[in-house]
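Written below as structure tokens is the structure these notes are about.
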Amino acid sequence: MNSKLRVIKIVTAAAIVFMFLLVVSLIINIVKISNVTSTENKLREQIAEIDLKIEQNDGSIAQLSSNEYLDWYAREYLNMKGRDEDAFTFEE
């Protein structure tokens, strides 16, 4: 009877240790999952910001590559003129 009681105590102790290790493992995994979720949310926010910047830059590129802007820039900074225009400068 003494050996049966001893075996029961050993099995019970082993089960308690096993359950404790399972709980610790579960807690560690929950912490890791929350960290990953937090990182994922931060990355989603960054993606949204970058997408917004891309849209803004696409608009700027479209504007800067338009014929109207190129004509304005050529007249303003390169002293060029359009067809059927006479160029003149002011003398001081």
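Quick notes on this structure:
- Figure legend. Inter-residue proximity from the stretch 56-84: first residues part of a helix (DSSP H, G or I), second residues aromatic (Phe, Trp, Tyr), beta-carbon distance below 8 Å, spacing 6+ or different chains. Indicated pairs: 63/69.
- Filter result for residue 80 (touching a helix residue (DSSP H, G or I) at 6+ places or on another chain (Cβ under 8 Å) and open to solvent by 80 Å² or more (accessible area, probe 1.4 Å)): yes
- Every test in (1) open to solvent by less than 90 Å² (accessible area, probe 1.4 Å); (2) under 36 Å from the mean Cα position of the chain (by Cα); (3) of a type in the set (D, E, K, R) is passed by residue 45 save one, and that test is (1).
- Taken over the stretch 56-75, the criterion of being at pLDDT 90 or above and of a type in the set (D, E, K, R) is satisfied by 58 alone.
The values are calculated or read from the model by the stated rules, or taken from the named source; none is laboratory data. Because the structure is a prediction, the values reported are computed rather than measured. For neighbour counting, all protein chains shown are included, and Cβ atoms are generated from backbone atoms with ideal geometry for every residue, glycine included. Surface accessibility is based on the protein's heavy atoms, side chains included, excluding ligands, DNA and RNA. Shrake-Rupley method; radii C 1.70, N 1.55, O 1.52, S 1.80 Å.
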